[in-house]
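The values are calculated or read from the model by the stated rules, or taken from the named source; none is laboratory data. All values reported here derive from a predicted model rather than from experimental measurement. So basically every Cβ, Gly included, is an ideal-geometry build from the backbone, and we count neighbours across all protein chains shown.
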Amino acid sequence: MIEELGLQLNQFMEVSKVHLPKMLWIIAGLWVFSIINFRLGKPFNVLGIVPRRPRGLFGIVFAPILHSNYNHLFFNTIPLFFLGLFAMSLDETRFYWATGIITILAGLFVWLFGRRGNHVGASGLIAGYFGYLMGEAVQRPTITALFCGAIALYYFGGIITSLFPSEEKTSWEGHLFGFLSGIATIFICQYLNL
């Protein structure tokens, strides 16, 4: 039992090393785009989710790559990197599907039910990855899924508190709908046999 646990965790670490460069490229791309956007005066932020406005529909796709400032970007980078790496290491194909499903579902629900304003940031996607990892640990409780879920819960469990209204300028709706979309992704992937 202990040998099997050690073997599976070693396999997970090797798979994570393979996916590490991919996640670094994703994060680097996000930073390069954001620096350009900030230097130009954030012109792309008009593509955020503006609830119930036709122009806000663009934000369903673009909101996760848009950020309000460097502080916002920095504090989204760390959980995005680690939770994304965990999700990618569990199953790379499902990671890409999960990213698309979470982005579309969370964005659509924010557009339908969110407060007035311009919702931007990767927080919804981050909460989605968190929900996805928790769901994987419950639905497919392999040692690696349980390990990823436990690490995610221990280090990023504060995401749970962000699912409820707190600060006026924080899109808790994005967090909530992202988290729920992450859980829904488990069932959608099962239905699609992914």
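Observations
- Tally, over the stretch 76-107, of residues that are modelled with pLDDT under 95 and touching a strand residue (DSSP E or B) at 6+ places or on another chain (Cβ under 8 Å): 0
- Among (1) farther than 25 Å from Cys148 by Cα; (2) more than 16 Å from the chain's Cα centre (by Cα) - the single one Phe12 does not satisfy: (1)
- The residue list Ile151, Ile188 contains one member that is more than 11 Å from the chain's Cα centre (by Cα), surrounded by 13 or more Cβ atoms within 10 Å (Cβ to Cβ) and farther than 25 Å from Leu57 by Cβ, which is Ile151.
- Any hit, the stretch 30-41, residues being over 17 Å from the mean Cα position of the chain (by Cα) and touching a residue at least 40 places away in the same chain (Cβ under 8 Å): no
- Search result, residues across the stretch 91-147 that are among the β-branched types (Val, Ile, Thr), in a helix (DSSP H, G or I) and surrounded by fewer than 17 Cβ atoms within 10 Å (Cβ to Cβ): Thr93, Ile104, Val138, Ile143
- Just one of the listed residues (Leu57, Leu24, Leu5) is surrounded by 11 or more Cβ atoms within 10 Å (Cβ to Cβ), more than 23 Å from the chain's Cα centre (by Cα) and in a helix (DSSP H, G or I), namely Leu5.
- Hits in the stretch 30-54 - residues which are outside any strand (DSSP E or B) and either touching a helix residue (DSSP H, G or I) at 6+ places or on another chain (Cβ under 6 Å) or closer than 20 Å to Thr99 by Cβ (or both): Leu30, Trp31, Val32, Phe33, Ser34, Asn37, Phe44, Leu47, Gly48, Val50, Pro51
- A search for C-beta distances below 8 Å between a residue of the stretch 79-105 that is touching a residue at least 60 places away in the same chain (Cβ under 8 Å) and of a type outside the set (Ser, Thr, Tyr) and any residue that is outside any helix (DSSP H, G or I) and surrounded by fewer than 22 Cβ atoms within 10 Å (Cβ to Cβ), counting only pairs 6+ apart in sequence or on different chains, returns Arg94/Leu194; Trp97/Leu192; Trp97/Leu194.
- For the residues Ala150, Ala137, Ala127, Ala145, the requirement of being in contact with an Asp or Glu (Cβ under 6 Å, 6 or more places away or on another chain) and either modelled with pLDDT under 90 or not aromatic (Phe, Trp, Tyr) (or both) singles out Ala145.
- Residue in the stretch 142-151 that is without any contact (Cβ under 8 Å) to a residue 24 or more places away in the chain and out of contact with any Leu (no Cβ under 6 Å at 6 or more places or on another chain) present: yes
- Applying the condition of being of a type in the set (Ser, Thr, Tyr), in contact with a Phe, Trp or Tyr (Cβ under 7 Å, 6 or more places away or on another chain) and in a helix (DSSP H, G or I) to the stretch 156-190 and asking which residue is modelled with the highest pLDDT yields Thr185.
- Exclusive hit being part of a helix (DSSP H, G or I) and within 16 Å of the chain's Cα centre (by Cα), set His67, His72: His72
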